[in-house]
Amino acid sequence: MSRSARLLCASLLGALSVATTAVAAPAPGGPGADDGFQGSDKSGIVTSDTTDSKVWATVQEDGGLGEVFFPDLATPSSRALRLVVADAQSGTVSAGNLTTRQVDPKSLTFAQTATDPDGRWRLTATYVTDPSRATVLADVRFSAKDKRRYSVHALYEPTLADTRTDDTARSAGTDLVATDAKSGASALTAQPAFAKTTNNYRGTSDADVVGNAYDSAGPGAVVQAGRLAFSRGGRATLALAFADAPDAALATARASLQRPFLFTLARYAAGWRDYLRGLKRPPASLRGGDERDLYTTSILVLAASEDKTHRGAYVASPSMPWRWGKEAPSGPYHLVWSRDLYQIATGLIAAGDSAGANRALDWLFTTQQKADGSFPQNSKPDGTPVWTGLQMDEVAFPMVLAHQLGRTDPATWSHVKRAADFLLSYQDPETGNVAPWSPMERWENQSGFSPATIASEIAGLVCAAEIAKANGDDASAAKYLATADEWQSKVKAWTVTTTGPYSPQPYFLRLTKDGDPDAPTTYSTGDGGPSAADQRTVVDPSFLDLVRLGVLPADDPDIINSEKVVDEQLGVQTARGFFWHRAAFDGYGEFRDGRPWDFGQEPDSRTTIGRAWPLLNGERGEAQIATGDTAGATTQLRAMTNAAGPGGMLPEQVWDQNPPSGQPGFEPGTPTLSATPLAWTHAQYLRLAWDLADGAVSEQPAVVAERYAKTK
């Protein structure tokens, strides 16, 4: 178990003991404690390639399964499914020393092996889902020197319908069934059948789940447990199924157990292998098996991030870092963001999955706001908007994506035109500012003139102009190009300072509040950062979008000098590579002592620290490729590879030079408890891998680069 998992992932094991009393009655101690969802350091995601099986399971770094999603990727219906070993002689319960591995690099099959520190027992669980049903399956193997001394128990915590305190649990013969107060049900069964079952409340009666045998519990925060019975070969299969009603869930679980686990495993793996065969072969330029495996895993993670009912809805991450794990309904990483979806779609295009990218664009068009042509800040997979912020890059990126996919049909044009017209006509109702000023830039918490946002707006308008021409609307095309040209000519005047403290040469700022980068305008950076930071002191690497999208050449002297500034101000050297913080004074990360990030940090407190973001290595690598620095880009891909956690999951953030105070073992360059896996990071890995192979920035719209970056 990792040091970060021990510190930040609350484990049920600390409450368990081996009791000897079995009581056939409702459990005491209701309604139980709501401890939120588990840590976001996932070691894998398990789901089939089929749309018939609307279930996803996450693999926890500290053991067992974390959230299981049903019936969509925004609805966690399980908090945990763990396996523990009880020692009748010592009266203790243990999960053992744990390792996680991806069994097959060409499928999302993961196995965890737990061993007794003294070598007295060994427990292995292999996880897949039934391609035909909403069932998670675990193949469990147990061996021990003295089998009579030990028992193995499955501990399951339902959170049906994304609620954690209103479930009811009961035993149904040798099976376990749970229902939600409003909708949804689950069934946990085993083959051979459980030798004993019990239903309890989290934080109260669950201290005795190994020994107790309560018939029912709830409504409340419930925990169910079943004692496994093994075949002579020391093998058992668990089936956790979901449905609208308990009888249907139980029938689903039993149906999944009718076929041998190895049969289902083979079919599950074959589905993913068939999907991969329809894509491009991995780039020959990848070095070593770890890069090739991570490339393939990145494709699978993106594919697994797509909802199976609302096709094209790819969520940001199947995890809930920090404060978001306390929320119900679940947090924003389970939502679809226009910006993240663009990143995912371009990663899919690079890997050869244009069909998935087209579904993403189609989904975006279904969520486009009818009133004005903008796009929601984020949405549920069914398209329901959640947060109400407006971010101009999220309006612009769908236009760029449409052009990259070669979509010029009249229906596409109607959506693109509405988005482009929105950019040209936007005026903020509170400040009176007009585009390219944005109410929010890509890091979500600031308004102003952002070079990254302006880059996307310029690229979006140029791409929209091309689609307009294809539809015979030359007037709109001319209008879009004229605006794009004007913004491109002014982007430096809005965002490059010549009076900043970090360099005597001009450099890009994260943003300006007033469009005057030489002015000492101050603002509060948020998340415990300065309450009145001079905007000339706040830098980030986002200006590289100007290169990536073809708005400025990579060898522009202000770009080159800005890279030097962010290297000095935001760079983090680790044994695993050189990484970057996302912005000066960033506080979006754990507390200094390792506690999860939360709202409400007082300005100037610096109590929380944003760590380094591996996706920024991909962006720097793209800029290096644009200048012909293949060696530098190769170094960035290696750093991203080194940042992967167990199971090949790429995180949002890695530990920097500020590990939790007084807590050894947090190796710089390894994943924090930020969102893991983050689809954006995996998409960036795929793009950089192909950019290296092709010697060009594949995502860069040629029509934009030819207009700006390739002209002197």
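The values are calculated or read from the model by the stated rules, or taken from the named source; none is laboratory data. In this text the structure is predicted, and so the values were computed from the model without any measurement. Methodologically, a virtual Cβ is constructed for each residue, glycine included, from the backbone with ideal geometry; neighbour enumeration extends over all protein chains shown. Side chains are part of the model used for accessible areas, which takes the heavy atoms of the whole protein and leaves out ligands, DNA and RNA. Shrake-Rupley method; radii C 1.70, N 1.55, O 1.52, S 1.80 Å.
Obtain the nm distance between the two label points defined at GLU706 and ALA172 by a simple spin-label model: each point lies 7 Å from its Cα along the Cα-to-C-beta direction.
Going from the GLU706 label point to the ALA172 one covers 6.2 nm.
Using unit Cβ charges (K, R positive; D, E negative) and no other charged atoms, how large, in debye to the nearest 20, is the dipole of the chain about its Cα centre?
Numbers: 66 positive and 82 negative charges, 546 e Å.
Using Cβ point charges on Lys, Arg, Asp and Glu, the chain gives about 2620 debye.
Expressed as an acute angle from 0 to 90° and rounded to the nearest 10, what is the orientation of the C-alpha long axis of helix 246-256 relative to the principal long axis of the chain?
90
Can you give me the accessible area per residue for segment 307-386, using a 1.4 Å probe, in Å²?
Details: 2230 Å² over 80 residues.
Accessible area per residue: 28 Å².
Return the aspartates and glutamates within reach of LYS710: Cα separation strictly under 13 angstrom, same-chain partners fewer than 8 residues apart disregarded; answer none if there are no such residues.
Reachable aspartates and glutamates: ASP555, ASP556.
Using +1 at the Cβ of each Lys and Arg and -1 at the Cβ of each Asp and Glu in the chain, identify which of ALA134, ALA475, ALA74 lies farthest towards the dipole's positive end.
It is ALA134, whose Cα lies furthest towards the positive end.
Using a Förster distance of 22 Å, how high is the FRET efficiency between THR309 and ASP421, based on the Cβ-Cβ distance and rounded to 0.05?
On the way: r = 32 Å, r/R0 = 1.44.
My answer for the efficiency is 0.10.
Please list 3J(HN,Hα) in residue order for segment 621-627, calculated via the Karplus relation 6.51 cos²θ - 1.76 cosθ + 1.60 where θ = phi - 60°; whole Hz, with x for glycine and proline.
Those phi angles translate into x, 5, 5, 5, 4, 5, 9 Hz.
Quote the relative contact order of the chain in percent (integer), defining contacts as alpha-carbon pairs under 8 Å separated by 6+ residues.
Details: 1840 pairs, mean separation 88.8, N = 712.
Rounded, it is 12 percent for the chain.
Let me make sure I get this right: for segment 271-329, a, b and c are the square roots of the gyration tensor eigenvalues over alpha carbons, sorted descending. Under 1.5 in a/c it's rounded, otherwise prolate if a/b > b/c, else oblate. Which is it?
Values: a/c = 3.80, a/b = 1.69, b/c = 2.25.
Cα axes put segment 271-329 in the oblate bin.
Which one of ALA114, VAL103, TYR150 has its Cα pushed farthest toward the positive end of the charge dipole of segment 99-155, where Lys and Arg give +1 and Asp and Glu give -1 at the Cβ?
TYR150
Which net charge results when you count Lys and Arg as +1 and Asp and Glu as -1 among the other residues whose beta-carbon is under 13 Å from that of ALA371?
Values: positive: LYS370, ARG418; negative: ASP372, ASP421.
For residues surrounding ALA371, the net value is 0.
Under a straight-distance cross-link criterion of Cα-Cα below 26 Å, which lysines are reachable from LYS182, leaving out those fewer than 8 residues away in the same chain?
LYS54, LYS308, LYS326, LYS380
Per 0.36 nm of contour for each residue apart, how much would the distance between ASP372 and ARG292 grow if the chain were fully extended, relative to their Cα-Cα spacing?
Details: separation 80, 0.36 × 80 = 28.80 nm, distance 4.40 nm.
Length gained between ASP372 and ARG292: 24.4 nm.
Please name which of GLY632, VAL386, PRO506 has its Cα lying farthest along the dipole of the chain towards the positive end, using unit charges on Cβ (Lys, Arg +1; Asp, Glu -1) and the Cα centre as origin.
Highest projection toward the positive end goes to GLY632.
Run the quick spin-label model on ASP244 and LYS182: label points 7 Å from Cα toward the beta carbon, then report their separation in nm to one decimal.
Distance between label points: 1.6 nm.
So how strong a dipole does segment 632-712 carry about its Cα centre when Lys and Arg Cβ are +1 and Asp and Glu Cβ are -1, to the nearest 20 debye? Could you put the intermediate results ahead of the total?
Numbers: 5 positive and 7 negative charges, 57 e Å.
Dipole of segment 632-712, to the nearest 20 debye: 280 debye.
Tell me, what is a quarter of the convex hull surface for the C-alpha atoms of the chain, in nm² with one decimal? Let's see the in-between values first.
Values: hull surface 118.2 nm².
The directionally averaged projection comes out at 29.5 nm².
Once both axes come from the Cα atoms, what is the angle between helix 288-304 and the longest principal axis of the chain, in degrees from 0 to 90, rounded to 10?
90
Note down the relative contact order for segment 88-242 as a percent, whole number, built from C-alpha pairs under 8 angstrom at least six residues apart.
Values: 358 pairs, mean separation 34.4, N = 155.
Relative contact order comes out at 22 percent.
Mind checking the dipole of segment 131-261: about its Cα centre, +1 per Lys or Arg Cβ, -1 per Asp or Glu Cβ, Debye to the nearest 20?
Values: 16 positive and 13 negative charges, 177 e Å.
It comes to approximately 860 debye.
Just grab the label-to-label distance for GLN258 and SER231, each label 7 Å out from Cα along the Cβ direction, in nm (one decimal).
That separation, rounded to one decimal, is 1.9 nm.
For the Cα atoms of the chain, what angle does the longest principal axis make with the long axis of helix 354-367, in degrees from 0 to 90, nearest 10?
Helix 354-367 sits roughly 80 degrees off the main axis of the chain.
Consider all pairwise Cα distances in segment 322-460 and report the whole-number % of them above 19 Å.
Values: 4806 of 9591 pairs.
Within segment 322-460, distances greater than 19 Å cover 50 percent of Cα pairs.
Around LEU160, with a cut-off of 11 angstrom between Cβ atoms, what is the net charge of the other residues, counting Lys and Arg +1 and Asp and Glu -1?
Details: positive: ARG79, ARG164, LYS182; negative: GLU157, ASP162, ASP166, ASP167, ASP180, ASP244.
Residues close to LEU160 contribute a combined charge of -3.
Quick one: check the C-alpha center-to-center distance for segment 190-220 versus segment 284-324, whole angstrom.
Distance between centres, Cα-based: 35 Å.
Count charges around GLY211 for me, please; just the other residues with Cβ under 14 Å from its Cβ, Lys/Arg as +1, Asp/Glu as -1. Write out the running numbers ahead of the final one.
On the way: positive: LYS196, ARG227; negative: ASP87, ASP206, ASP208.
Counting the neighbours of GLY211, the net charge comes to -1.
Over all distinct alpha-carbon pairs, what is the Kirkwood Rh of segment 57-166 in angstrom? Intermediate results must be reported in sequence, preceding the final value.
Details: mean 1/r = 0.0667 Å⁻¹.
In segment 57-166 this quantity evaluates to 15.0 Å.
Over segment 178-230, average the accessible area per residue using a 1.4 Å probe and give it in Å², no decimals. Each step should come with its number before you reach the end.
Numbers: 1530 Å² over 53 residues.
Averaged over the residues of segment 178-230, the accessible area is 29 Å².
Can you work out the accessible area per residue across segment 565-674, with the rest of the protein chains kept in place, probe 1.4 Å, in square angstrom?
Details: 3660 Å² over 110 residues.
Here the per-residue accessible area is 33 Å².
Can you classify segment 569-712 as rounded, prolate or oblate using the Cα gyration tensor, where a ≥ b ≥ c are the square roots of its eigenvalues, rounded means a/c under 1.5, and otherwise it's prolate if a/b beats b/c and oblate if not?
On the way: a/c = 2.42, a/b = 1.81, b/c = 1.33.
Because a/c hits 1.5 or more and a/b exceeds b/c, segment 569-712 counts as prolate.
Could you check how much of the accessible area of the chain is carbon and sulfur, as a whole percent, using a 1.4 Å probe? Don't skip to the end; give the middle numbers.
Values: 11950 of 23820 Å².
Carbon-and-sulfur percentage of accessible area, whole number: 50.
Subtracting the Cα-Cα distance from 0.36 nm times the residue separation, let me have the gained length for ASP516 to GLU444 in nm, one decimal.
Net length gain for the segment: 23.8 nm.
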